[in-house]
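Before any comments, here is the structure.
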Amino acid sequence: MMGVCSNSIHLLFHLLLLLGCLHLETIKPTSGNEDRNVGCAEKDRKALLEFKEDLNDSSGWLSSWVGEDCCSWRGVGCIKKTGRVMKLDLRNSLCNNEEGYNGVSYERPCLSGKINPSLLHLEHLNYLDLSMNNFKGISIPDFIGSLENLKYLNLSNAYFAGKIPPHLGNLSRLHYLDLHGQSYSGDFSRIYADNLKWLSGLSSLKYLDMGDVNLSQVGADWLQSFNMLPPSLSELHLPACRLDSLPLSLPFVNFSSLLVLDLSHNLFQSSMPLWLFNISSSLANLHLSNNYLSGSIPDAFADMTSLQELDLSYNDEMGGEIPRTLGTLCNLKRLDLSKNRITGEITKFVNSLSGCTNSSLEMLDLGINQLSGYLPDSIGHLKKLRFLRLNRNSFWGSIPTSIGSLSFLKELDLSVNHMNGTIPKSVGQLSELVFLDLSYNSWEGIISEVHFLNLMRLKEIDISLTSPMKSLIFNARNDWIPPFSLKSIWTDNVQMSPSFPAWLQTQKELNEISLNNVGISDTIPDWFWKLHDIRYLDLSNNKIRGRLPTWMNFSNAEEVQLSSNLFSGPIPVNIGQIMPRLIDLELVGNTLNGKIPYSIGEIKGLTVLCLSNNNLTGRIPSSMGSLRSLGVVLLNNNNLDGELPSSLRNCTELNAIDLGENRFSGMVPKWIGESWLSLSILRLHSNLFSGNIPRRLCQLSNLHILDLANNSLSGFVPQCLGNLTALVSGVSNGYALDNKHIHVNAKGQELEYSSSRIFLVESIDLSSNNLTGEIPEEIMSLLKLGTLNLSINSLTGKIPEKIGNLKMLETLDLSFNQLSGLIPQSLSSLSFLSHLNLSHNNLSGEIPSGNQLQTLNDASIYEGNPALCGPPLVAKCPGYEASQGPSSIGDDGENKDGQLDGSEMLWFYASMALGFIVGFWGVCGTLLIKKTWRHAYYRFLDDMKDRLFVVLAMNVAPVHFKRKM
């Protein structure tokens, strides 16, 4: 009996355990994040498979869509009891439509293709998310408006295009709608709406995002349509919609529950309307950035006591001072008025904000405005401030010592102002500070270890000065161990110790270092070359000496700038291996020698290569032809030689190249005009190039500077140079030449142009060659040309009459040629001409006068032209005195040129008349009275007539005979 009971109890235990397991099995959730009791409905499974059939899924993003149970498929969610599909979430954050590193495209799991209407069979679908895919410009399907149970619809950033279907207005149960479009640089295939009446049907909507949707066709009443949305709406996002009118009034405001309103990046050009600031008592975020709003901030801000975040940044036309009434906003958490044109001082404004007994302000951003004055001490009363940005204004004076009271401050940006004086030691009390930017001001005095005493969380610091005079001294001991671990340090133009700063060795996270012009005159210690995390390094304009080691570990370096130092020896032969990720390499102005390493061709992402002003020798390695990303190459002023390798034709992105002052030879390659179509600057000055100027250079439509001077080129000046489009319009695809310098011969001297001005230069210099023929008339169509130098050649013919068409010409040098004829009068119409040289030619005639030529009165401009006359030369033209007109009269009755005054001129003309009368009657009267004299005079005239007839007959007859023959 006991055995039977024991077996029964054992059996009952197993039965209960089995029932428990079965129960657990029934509540196991689906892979679609929904509990279920049964498998997916067959009807829904077939609908999903049909939907998949029309999609392109080359990466296998939907590879799990196999088998019978669709509720276990990726992105599918089901109702747990019925197995009906209620959720389809194919949002794809891994879909990246941009090119990968070094221009290589990587396959991303992007869905594309068509949206099959089989989704209509998913009768219980209430959640549909197709965002972050690439549907390549197809329209949003109309049938989506028939998915009547939808509560959540997200089609954002999926490369849809065309018109938004008004059928979406049928989705009366929708709570969330995101149609945020894609930003296109060329604005092609952009999603748009020309009517918003359908919005009124979205009676349950709480969230709407139509950012980057083109609403420019909607009209001025666009706001009325959004105002018809239900009072339940809490967020409305309309950035970058091309809206250009912001009504100054509304008959009624329906946004009673609105928390977020984003109207940034539009085209509003009005003042800020008052209704914006009475729109909702619950408004927490208001974004009006990147518009063209004008006027001052309305006084209605005084009533916005519940506002938590305000962003009015980048309103280009905004003017006026900040009203004091903003001081009542004690609940304000974020205030962003950056990128406007707000003027005046901020003392009263900050005093108002700091007057709150419990200020909530966490972010104050007034950057990029026109504010001025001192920073008030009251700024230290904003105790909860975490971000203070006052950059790019016109503040002056020092930083108030009260800044040390901002114990929560994480970011302090006072860069690009007119601040001076000393930096207070209280900055060292900002223990939460992560980012400190005081750059591009005029700080003075000493900054020491005390200034960094408690900055334990500091990661980025920039105290670079505006002036290179080094008025701020960074005083730190060699054995100093800072409390922070920096990622970035910039101290340009700050005086540091002559020895290399040893404390940098303690900074294990450094990836950006800029110590430009800091007074270092030392070698670089070995430990520094092993900082493998360095991405950006600038040690330019110091007196650092030594060699560049082949064992350096700069494997992550992207920009290395060591220009204007005393580095010697060769460039490391293995530079391609030790710096494989370089984008910018600048070693200008050292004493480097040897060859350009062949391994440089392994740095596939190299964009800028500047090796000018060294002692480099040998040829350009053919491996450089594999640097497809090269945009700027400056190799001038070295001892490089040989012909240009044809492999360079592969560098099709090249925008500026300077090979001047070397010993390159051979012909100027024709392929330059075929391959370097983006070229803006071509400088081959002072080399040994020979042969003709290739006509294919005329295909370089972006060319602004063409300098082939001081070579051995021959032949004609190509007529097709008149086709250089950029010199006609002044427009090109100019490359960013940050901190680069290009040499241009202009105004009679070699000038160095910085990056900020180089694309204002429009120049053709073909001087000091062996060019022959005439100056092409076609060059006179280059309306933006600023410098034309054809001097020291063998050019003949005349100066083109249309030289006056070159209205922007500042420099014209045609000296030392064989030009002849008159100087065109149109030359005097060149109002910008400041340097002219026509000397040593065969020009003749009178020098034109008037306008700008009157200021160019140096006789050397025209010397060496014996047949020229007129001012400023000494030689006077025939009839010059008669053409002078009235002159000033001296005290002695004669003018300053020795000519007679008015009364004496009267006697002069009277004497001439009397002399004529006496002379006439003295001869003619005698002939009338004495007959014998009269007959003798007539015989003399008859004899002269006969002799003249004989001479003409003897000379004309042979010519007439030859014509007959």
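Some values worked out for this structure:
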quantity	calculated
Residue match in the range 589-606 (condition: at pLDDT 95 or above, under 29 Å from Leu727 (Cβ atoms) and buried (at least 20 other Cβ atoms within 10 Å of the Cβ))	no
Residue list for the range 783-831, restricted to those being touching a strand residue (DSSP E or B) at 6+ places or on another chain (Cβ under 9 Å), in a loop (DSSP other than H, G, I, E, B) and among the polar types (S, T, N, Q)	Ser791, Asn793, Ser815, Asn817, Gln818
All positions within the range 334-362 that are touching a Phe, Trp or Tyr at 6+ places or on another chain (Cβ under 9 Å), surrounded by fewer than 17 Cβ atoms within 10 Å (Cβ to Cβ) and outside any loop (DSSP other than H, G, I, E, B)	Thr347
Boolean, Gln854 is modelled with pLDDT under 90, polar (S, T, N, Q) and farther than 28 Å from His704 by Cβ	yes
Exclusive hit being over 22 Å from Ile600 (Cα atoms) and among the charged types (D, E, K, R), set Arg535, Arg545	Arg545
Any pair with Cβ under 6 angstrom, 6 or more apart, that starts in the range 828-844 at a residue that is within 16 Å of Thr787 (Cα to Cα) and ends at one that is of a type in the set (Ser, Thr, Tyr)	His835/Thr811; Asn837/Ser815; Leu838/Tyr862
Residue count, the range 655-679 (criterion: of a type in the set (S, T, N, Q) and farther than 14 Å from Gln699 by Cβ)	3
Members of the range 775-799 found to be under 16 Å from Leu706 (Cβ atoms) and polar (S, T, N, Q), listed by number	Ser781, Thr787, Asn789, Ser791, Asn793
Filter result (more than 15 Å from Ile513 (Cα to Cα), buried (at least 20 other Cβ atoms within 10 Å of the Cβ) and touching a Lys or Arg at 6+ places or on another chain (Cβ under 8 Å)) within the range 539-557	Met552
Flag if Leu261 is at pLDDT 85 or above, outside any loop (DSSP other than H, G, I, E, B) and closer than 20 Å to Lys333 by Cβ	yes
Any hit, the range 75-84, residues being surrounded by 15 or more Cβ atoms within 10 Å (Cβ to Cβ), at negative phi, modelled with pLDDT of 95 or more and within 47 Å of the chain's Cα centre (by Cα)	yes
Those residues of the range 413-438 which are part of a strand (DSSP E or B) and under 17 Å from Asn369 (Cβ atoms), in sequence order	Asp413, His418, Met419, Asp437
Qualifying residue in the range 247-254 (condition: free of Cβ contacts under 8 Å to residues at least 12 places away in the same chain, surrounded by fewer than 20 Cβ atoms within 10 Å (Cβ to Cβ), out of contact with any helix residue (DSSP H, G or I) (no Cβ under 7 Å at 6 or more places or on another chain) and part of a loop (DSSP other than H, G, I, E, B))	yes
Test: Asn214 is touching a Lys or Arg at 6+ places or on another chain (Cβ under 6 Å) and surrounded by 17 or more Cβ atoms within 10 Å (Cβ to Cβ)	yes
Complete set of residues in the range 417-439 that are touching an Asp or Glu at 6+ places or on another chain (Cβ under 9 Å) and free of Cβ contacts under 8 Å to residues at least 40 places away in the same chain	Asn420, Gly421, Thr422, Gly428, Leu433, Val434, Phe435, Leu436, Leu438
Residue match in the range 759-767 (condition: touching a His at 6+ places or on another chain (Cβ under 6 Å), at pLDDT below 95 and surrounded by 17 or more Cβ atoms within 10 Å (Cβ to Cβ))	yes
From the options Ser203, Ser225, residue that is surrounded by fewer than 16 Cβ atoms within 10 Å (Cβ to Cβ), hydroxyl-bearing (Ser, Thr, Tyr) and within 29 Å of Leu274 (Cβ to Cβ)	Ser203
Among the residues listed as Tyr184, Tyr176, Tyr159, the single one being at pLDDT below 90, of a type in the set (Phe, Trp, Tyr) and over 18 Å from His287 (Cα atoms)	Tyr184
Failed item in (1) surrounded by 23 or more Cβ atoms within 10 Å (Cβ to Cβ); (2) out of contact with any His (no Cβ under 9 Å at 6 or more places or on another chain), with Pro669 passing the rest	(1)
Condition met for Glu586 (closer than 19 Å to Leu548 by Cβ, among the acidic types (Asp, Glu) and within 24 Å of the chain's Cα centre (by Cα))	yes
The range 586-606, residues that are of a type outside the set (S, T, N, Q) and not in a loop (DSSP other than H, G, I, E, B)	Glu586, Leu592, Gly594, Tyr598, Ile600, Gly601, Glu602
Pairs with Cβ under 7 Å, 6+ apart, first in the range 487-502 and farther than 9 Å from Leu515 by Cβ, second of a type in the set (Gly, Ala, Ser)	Asn493/Ser464; Asn493/Ser467; Gln495/Gly519; Pro498/Gly519; Pro498/Ser521
Spans of strands (runs of 3 or more DSSP E) in the range 637-717 with at least 3 residues of a type in the set (Gly, Ala, Ser) and modelled with pLDDT of 95 or more	712-716
Scope the range 572-583; condition of a type outside the set (Gly, Ala, Ser) and surrounded by fewer than 21 Cβ atoms within 10 Å (Cβ to Cβ); matching residues	Pro572, Val573, Asn574, Gln577, Ile578, Pro580, Arg581, Ile583
Residue count for the range 415-430, restricted to those that are within 10 Å of Gly404 (Cβ to Cβ) and small (Gly, Ala, Ser)	2
Members of the range 363-385 found to be surrounded by 18 or more Cβ atoms within 10 Å (Cβ to Cβ) and either at positive phi or not in a helix (DSSP H, G or I) (or both), listed by number	Met363, Leu364, Asp365, Leu366, Gly367, Ile368, Asn369, Leu371, Leu375, Pro376, Leu382, Leu385
Failed criterion for Asn770 (all others in (1) under 22 Å from Thr725 (Cβ atoms); (2) in contact with a strand residue (DSSP E or B) (Cβ under 6 Å, 6 or more places away or on another chain) hold)	(1)
Residue among Leu486, Leu455 that is modelled with pLDDT of 95 or more, surrounded by 16 or more Cβ atoms within 10 Å (Cβ to Cβ), in contact with a strand residue (DSSP E or B) (Cβ under 7 Å, 6 or more places away or on another chain) and aliphatic (A, V, I, L, M)	Leu486
Those residues of the range 610-630 which are of a type in the set (S, T, N, Q), under 18 Å from Asp641 (Cβ atoms) and outside any strand (DSSP E or B), in sequence order	Ser612, Asn613, Asn614, Ser622, Ser623
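The values are calculated or read from the model by the stated rules, or taken from the named source; none is laboratory data. Here the structure is a predicted model, which means the values were calculated and not measured. Here Cβ is always computed from backbone atoms with ideal geometry, including for glycine, and neighbour counts include all displayed protein chains.
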